[in-house]
Amino acid sequence: MSTDQTTLEAEKQQKLLEVQNQQAKLTVLQGDLEKLNEKISRHEKLSPEDTKFISNLGWLSALSVSVAAMVSSL
């Protein structure tokens with residue numbers, strides 16, 4: 001195997017690990033969102049932490065749209 005192929009395989013493995021880490025984080029986030037949705041469905045009072053979480057999600061959503069718009073213009 002050439003050096004270029006070895007380097008490419010190492011980079012591919014690194015990207016795979018990054019994707020797997022992001023998937024794990026998304027699974028945790030999905031669980032948190034499901035818990036929050038259950039609270040809302042049961043008309044429970046939201047804690048200050050719940051409200052902050054929702055606020056942060058809104059901010060992150062706006063940021064992701066901005067990043068996607070910049071990337072698509074490149």
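Quick note: the coordinates plus some simple rules give every number you see, no bench work behind them. A quick note: this is a predicted structure, and the numbers were derived from the prediction, not measured.
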Worksheet, complete the sentence: Quotient of Cα radius of gyration and Kirkwood radius for the range 1-43, i.e. Rg/Rh, equals 1.45
Worksheet item: If only Cα atoms are counted, what is the Rg of the chain, and what is its Dmax, in Å?
Response: 18.9, 61
